[in-house]
Amino acid sequence: MEAQRIAVGKSVLKLDALALATGQPKFTLDLDVPGCLVGKILPSPHAHAEIVSIDTGEAEKVPGVRAILHFGNTERIPYTTAGQGWPEPSPYDTVLFDRKVRFVGDRVAAVAAETEEAAEQALAKIKVEYKVLPAVLTIEKALAGGAPVIHDEADCEGVYDPKHNIAAAVDIPVGDVAKALAKATHRVEVSCEIPYFQHAALEPHCVIAYFDEDGRLVLRTATQVPFHVRRIVARVLRLDPKQVRVIKPRIGGGFGSKQEVILEPIAAALALRTGRPVKLAYSREEVFVASRTRHPMKVTVQLGADERGVVQALDMEALSNTGAYGTHSLTVLSNVGSKTLPLYNKAQHLRFHGKAVYTNLPVAGAYRGYGATQGYFALEVAMDMLAEKLGMDPLELRLRNHIRAGETSPIFEKIGEGREGKAQVVRSCQLEECLRLGAERIGWYDKRRSPRREGPWAYGVGLACAMQGSGITGIDMAAATLVMQDDGTFRLLVGATDIGTGSDTILAQIAAEVLSVPVDKIFVYSSDTDFTPFDTGAYASSTTYVSGNAVLKAAQEVRNQILEVAAQALAEPVDHLELASGRVVSSKTGKALTLQEIGHRAIYVVHQRQIAATASFTCPESPPPFAAFFAEVAVDTETGVVRLERFVAAVDCGVAIHPKLAEGQVEGAVVQGIGHALYEEMHFSPNGRCTNPNFFDYKVPYALDVPPIETILVPSHEPTGPFGAKSVGEVGINGPLPAISNAIYQATGVRLTRAPFGPQRLLGALKGRR
Amino acid sequence: MFGPIVKPKDLREAVQRVAEGGRPLAGGTDLFVRIRKGLEKPGMLVYVGELPELGVLRATREGLEIGAARTHSELLESPLTEPFPILRKTLGTIASPALRAMGTLGGNLVNASPAGDSLVALYLLEAQVRIVGPQGERELFVQEFIQGPGKTGLRPGELVVSVFLPYVEGEPVSYFRKVGRRQALYISVVSLGALVWLDGEKITKARLALGSVAPTVVRPRAVEEALVGRLAHVEAVQDLVSLLSSLVQPISDLRASADYRRKVSGNLLLDLALFLQNRK
């Protein structure tokens, strides 16, 4: 086993914990910039309309109004709001302000004024004449012949088939799936569907745009992708990127909704137009309607298995609703297949195909799980059905089919980030152990054998498995700069973006472990495009693995430099020296130097130099974390109410650098998934207006709604990960939809394939069965 | 968003201010939400939360008088409400601890929401509402007071001073079940409350009240009467399920369909019977 560790694997105090707990002004809008204007956005009242004219005359007369932007006075540069690496694999189908609006809430104009009241008055006085167009509110209508074309603008780029409202499409066959399905002894097919889900991050999207002493534009923003923000804002506003600095302070949650460049270019444009600082923040209602959502999707899975239950053929089709714009449309679609199909790699005949379709509804984008969540819902319900057909325990069926360490899947190579992927062998996988431990914890076999029934309350247990990735192969790159100070402590500069996940702390732990110092000897400064090296950002479960590896490399280089300085000072060869407990000690002579002495000597005394290193890491492969989920439900057959009794998540995320934070990631993801399964859904009027854009009407789970989430971290060692670590941020959200659906099936015999599984839907299904 | 907030020195002045068109304000847990949503734009708010008459909590030989401005948490904690377990059961499900600490019984009453949880208890207990206005004082039974969603028997210038709960005879079993889309902080989609008097396993008397299934809380008298003489068993009440469903007039809204509400209303009778059956 590994040597005694001092930082990795310990649940050390989160670096920002004290400041956050005591309410220090660390968040974006906590900064009070003198003379700051307030920005507001005029939303479209129509789902689909052309703007015939805009008259801002009256609005400009409102005292305190400083600028009004709209299509008539801004440049038209198509781009994507997707905060992805260059070149973004998302269509360029968005402009700052368009002549056409494509959903209720689409931006028509933006105002900057001295006060919020003045800005609101001005919005009310902007006169817009619309020519209302027929709206497309479902995938079926969007694909129907003669459907209104949502993106008929001539200058959009990278749209798969704009004339037919198809933003993206994929069709990836491996072998001959139709033939293999026809030959299979056992076949099942199921379609599972999810509606519009909201991320519900506590902090709404917000940004302050201001100018520094040298007139450079600073964007202090709630983002997951500061470096992409800088690149995209500079391009859309035709700025010299050198003149743009993006700072990410503390963030109140992102979950993918802040992997989008939505408000930053507007705030920047208003600031440039007025020469004044501008603060722009979404209200909760705007977050619901005009930020991003999960892609509503219908996924159909066909499985064919032999008599032993080994899956021979697997066909998965996804129909994705990307809403009015195609941000992340291709990559989320691709991930539905690429993050799910390798799990059952015995199948030699596979096909993944699907479309992402435009509608005149809110814009879907990145959301924790990123397509895998939708894919696993259908796949794991299908596996449950297959188990039933075979008369086999669903757990046993998983054991017969799931991928093991040392194995691969053709899917890794076939499906990548909007293009071909890269072949990959799974090097670490403890899914078998996850299944064993999870089953033991929830009492799987007893509860499957004799399900409880108490009056109208029917009990059931269900399970699901899932994997994800760790970063995007060949694309995600992170860099870290580590500098030793004259007092023997360290500065760690990382582009990595801590959005509440605790990544600053985890990266400090990795550096501390290599340097053999306590974590509090590392000062972390992150996510500032002026002062930290590049990082793609907080998405795709990448930070611990990709950024962590960059920190690991930088720390190893710094460690070598420390030993070199010590070797000179002690006049001993480097290979006699050891760095441990904040000192370099000679194994030969026993002579020692503290890190403070080494730092001081290097800076001030002889052979002066800065001990420092910058290292970068490009994701060479994307090791999947694995998880097994077990849900126990009680269903009231008289009201359709589902009470979640227990939820167990057994997760292999490699070595957990910070076990408590890893558990927190699992718990948070599982609770969001429970929301998907039982409570959440955005509703729309016949005109496409969201009718529940607030937490009063859109129900997320509260503390009373979830049992304690029982997380079991099942250790494995990922050889390519920093200290054996893999990702853990997303995998947990893939479990609840199928595990709860499968548990409800065991309890009631009703197979729910449309989320959420609310009382009315369930009672209706129960009635249908009787 | 709204006019001035005045704090009258006594009940007389409060009545005067309300007669001038002021809107009584106590906990504000509903009123401020409505103002913020733009549903109401009161010219003047009359803060009645600290008037002594609205703060009474007095047990008499006949029952308990509860000042309209008493908060849900005060009532949950007071030993004086112990003889009314049904009141505690319903109050305990209202919103969240923070809202229960601010919201008042009088507020829940004058809101006259068909989903008002405390109303179910007040209907079961046959509460009387004490009103004061320019023409003096008067009393209405709760079912006379509530006239429809948001509609009460208050005349212009009147305000609710207190609610009187008469003691019930004997020791009925109290039952309350609220069905909604979530456990925490939710508005009921259907609720059923009951007081059931038993002689052994036999029902000797029953009062039932349903929330969220009609313009007001519903007392299904036909079911109450039909229950008398039956055993408190699921099988013994099975035939009343459809009767109960037929006595409600629910609507469809964002939270649930009318069909669902009707069906669950009836099914909750089975849940009540099971509760009585399992009670030890």
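The values are calculated or read from the model by the stated rules, or taken from the named source; none is laboratory data. Predicted model, so just to flag it, every value in this text is computed and none were measured. When we count neighbours, we look across all protein chains shown, and the Cβ atoms used for this are built from the backbone with ideal geometry, even at glycine.
Tabulated results
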| read-out | value |
| --- | --- |
| Within region A:610-641, tally of residues that are within 15 Å of residue A:490 (Cα to Cα) and either part of a loop (DSSP other than H, G, I, E, B) or within 14 Å of chain B (Cβ to nearest Cβ) (or both) | 2 |
| Any hit, region B:206-215, residues being part of a loop (DSSP other than H, G, I, E, B), modelled with pLDDT under 95, surrounded by fewer than 20 Cβ atoms within 10 Å (Cβ to Cβ) and under 21 Å from the mean Cα position of the chain (by Cα) | yes |
| Enumeration of residues in region B:179-197 that are in contact with a Gly (Cβ under 9 Å, 6 or more places away or on another chain) and either closer than 17 Å to residue B:265 by Cβ or not in a loop (DSSP other than H, G, I, E, B) (or both) | B:179, B:181, B:187, B:188, B:189, B:190, B:191, B:192, B:193, B:197 |
| Verdict on residue A:146 being at positive phi and loosely packed, with under 14 Cβ neighbours inside 10 Å | yes |
| Condition broken by residue B:179, with the remaining ones in (1) out of contact with any Pro (no Cβ under 7 Å at 6 or more places or on another chain); (2) crowded, with 19+ Cβ neighbours inside 10 Å; (3) within 14 Å of another protein chain (Cβ to nearest Cβ) satisfied | (1) |
| Qualifying residue in region A:12-22 (condition: closer than 22 Å to residue A:274 by Cβ, among the hydrophobic types (A, V, I, L, M, F, W, C), modelled with pLDDT of 95 or more and not assigned by TED's automatic domain parsing to the domain that holds residue A:526) | no |
| Search result, residues across region A:580-612 that are among the charged types (D, E, K, R) and within 42 Å of the chain's Cα centre (by Cα) | A:583, A:609 |
| Among the residues listed as B:268, B:192, B:244, B:272, the single one being more than 11 Å from every other protein chain (Cβ to nearest Cβ) and either buried (at least 23 other Cβ atoms within 10 Å of the Cβ) or basic (Lys, Arg) (or both) | B:244 |
| Some residue of region A:489-509 being of a type in the set (Gly, Ala, Ser) and surrounded by fewer than 20 Cβ atoms within 10 Å (Cβ to Cβ) | no |
| Failed criterion for residue A:411 (all others in (1) among the aliphatic types (A, V, I, L, M); (2) surrounded by fewer than 20 Cβ atoms within 10 Å (Cβ to Cβ); (3) under 29 Å from residue A:187 (Cα atoms) hold) | (2) |
| Residues within region B:115-153 that are in a loop (DSSP other than H, G, I, E, B) and closer than 28 Å to residue B:83 by Cβ, tallied | 6 |
| Flag for residue B:277 being in contact with a Pro (Cβ under 8 Å, 6 or more places away or on another chain) and either surrounded by fewer than 22 Cβ atoms within 10 Å (Cβ to Cβ) or within 8 Å of another protein chain (Cβ to nearest Cβ) (or both) | no |
| Residue among B:181, B:221, B:255 that alone is modelled with pLDDT of 95 or more and outside the structural domain of residue B:122 (by TED's automatic domain parsing) | B:221 |
| Helices (runs of 4 or more DSSP H) contained in region A:651-770 and holding at least 2 residues more than 13 Å from every other protein chain (Cβ to nearest Cβ) and not aliphatic (A, V, I, L, M) | A:659-678, A:736-748 |
| Near pairs, Cβ below 6 angstrom, 6+ apart or cross-chain, from region A:446-457 (within 12 Å of chain B (Cβ to nearest Cβ)) to any residue that is surrounded by 15 or more Cβ atoms within 10 Å (Cβ to Cβ) | A:455/B:274; A:456/A:636; A:456/A:637; A:456/A:638; A:457/A:634; A:457/A:636 |
| Residue within region B:229-236 that is in a helix (DSSP H, G or I) and surrounded by 15 or more Cβ atoms within 10 Å (Cβ to Cβ) present | yes |
| Test: residue in region A:742-752 that is surrounded by fewer than 19 Cβ atoms within 10 Å (Cβ to Cβ), at negative phi and not assigned by TED's automatic domain parsing to the domain that holds residue A:104 | yes |
| Residue B:156 being more than 25 Å from residue B:186 (Cα to Cα), assigned by TED's automatic domain parsing to the domain that holds residue B:70, assigned to a loop (DSSP other than H, G, I, E, B) and modelled with pLDDT of 95 or more | no |
| The listed residue being charged (D, E, K, R) and either crowded, with 20+ Cβ neighbours inside 10 Å or more than 14 Å from chain A (Cβ to nearest Cβ) (or both), out of B:199, B:253, B:259 | B:199 |
| Options A:198, A:243: the member that is over 25 Å from the mean Cα position of the chain (by Cα) and either at negative phi or not assigned by TED's automatic domain parsing to the domain that holds residue A:750 (or both) | A:243 |
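Yes/no per residue for (1) of a type in the set (D, E, K, R); (2) free of Cβ contacts under 8 Å to residues at least 60 places away in the same chain; (3) not in a strand (DSSP E or B):
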residue	(1), (2), (3)
A:136	no, no, yes
A:148	no, no, yes
A:152	yes, yes, yes
A:155	yes, no, yes
A:196	no, no, yes
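Matching residues to (1) closer than 30 Å to residue A:417 by Cα; (2) surrounded by fewer than 20 Cβ atoms within 10 Å (Cβ to Cβ):
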residue: A:33; (1), (2): no, yes
residue: A:50; (1), (2): no, yes
residue: A:71; (1), (2): no, yes
residue: A:87; (1), (2): yes, yes
residue: A:94; (1), (2): yes, no
residue: A:105; (1), (2): yes, no
